[in-house]
Amino acid sequence: MKEKEFNERLQLDDEIIQDEVIEKTLKKSMRKQINGRIYRTLLLILVGTIAFLWGTSLFLDSVFYDPSKRSPYLEDDLEYTEFHLLMDIYVGLNFPGRIYIPIFDAEESKGFGAYEIPAKIHNVGEYLVFDGRATTVFEVKRNRLEMDDVLDATNLVIEIDQFINDRNIGESKEYLKDMYGITPEKIEKIKQLPDSAVIKVMLSFPRTLTMEQTLDFMKNYPESNFWWIGIDTDEFFVKGVYDGINLQQTMGYGLTKECKEKYPSLMLYEDVRKYTAEELAECYRSRIQILLDNPDFLNMMLRSLGDPINVERKKQVLENRLGEATLGPRSIGVCASVTKQDFLDMIEQGTVKYVNIKDVKVSQWSK
């Protein structure tokens, strides 16, 4: 090969190598630009998704019921939420023998209109320990409420026919008279109990009593502890389910002056025998009224603890019961922990007609 041809070929090879280098450089630059655009696009998508989810969460939190908000009914220095106050009232109104105890500042927001609120549901007559431990976790999810029992027990259940009334019982439930009636056999079993025995029982009166008559009844038995008054009614959503006045107020709420004026006698902290009949009537009316004045909470409860389709009908029943109470609520019976002697005296004097015995303890000191 001649020298000239060799130089020309060498020069051509150099040009090819340079072209390959340039091509690789261009491809590398293009890949870098493309990858940069992809990374920027992915970052924008990620930021946009986070912003969208954050905005959606804030929107849902603002639209749906927020159980963590502070209560306008309480003094500013108190940290109890509106949910705690209203749940305390709702439980006391509808679940005889159950006491709602909030766990201080333990509610947690999960975002997107969802919250968790730990609480303690306490049974009247059992030892109460303020240990900050929950028995139930209420899960509020976009105006829906679910309950997760931490302990192996159902804390809040609607019980039917806990009281019976000859006027309302009906032929289909005649068997309740045999179940709750006071028989010689039942009296004999009570007499066999030790004198220190305490009987947890729901007592139904022979006839409905006014609040004044109910107070007189309780004053006749000072050794016994009365913790719930069942209110008679002609308004039922489920036949045989009564609401009433909780007399065992455990938590202290510093109510505002405006709240006390609008809802007189809302909370009862003293022994029931220290109140007047009108104060008991006011308490019952105030507790129904404050629930009706908080429709978001009330609707959530009525959907969660029953048939969600009939919420409006349930609210109407509650409004009708309030209307009945304005004429003066009458009691169908009381829940109490009574001494053996008081129980026998009630039966002998005929002041109670039906008894639904829930539990018997050897003494008031028994756990």
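Worth pointing out:
- Cα-based reach from residue 69 at 17 Å (exclusive), listing lysines while leaving out same-chain residues under 8 positions away: 110, 141
- The H on the amide N of residue 360, modeled in the peptide plane, is under 5 Å from the matching H of 200, each at least 5 residues off or on a different chain.
- With R₀ set to 45 Å, the beta-carbon distance separating residue 70 from residue 166 gives a calculated FRET efficiency near 0.45.
- The modelled label-to-label distance for the pair residue 30/residue 147, using points 7 Å beyond Cα in the direction of Cβ, is 6.8 nm.
- Relative to the current alpha-carbon distance between residue 364 and residue 341, full extension at 0.36 nm per residue lengthens the span by 6.9 nm.
- Distance between the pseudo-spin-label points of residue 237 and residue 188 (7 Å out from Cα toward the beta carbon): 4.5 nm.
- Against the criterion of solvent-accessible heavy-atom surface with a 1.4 angstrom probe, 352, 362 sort, most first, into 362, 352.
- Under 19 Å from residue 173, Cα to Cα: lysines that are on another chain or at least 8 residues apart: 239, 353
The values are calculated or read from the model by the stated rules, or taken from the named source; none is laboratory data. Every value quoted in this text rests on a predicted model; they were computed, and no experiment measured them. Because the Cβ atoms are built from the backbone with ideal geometry, glycine has one as well, and the counts that use them run over all protein chains shown. Please note that ligands, DNA and RNA were not included when accessible areas were found on the heavy atoms of the full protein model with its side chains. Shrake-Rupley method; radii C 1.70, N 1.55, O 1.52, S 1.80 Å.
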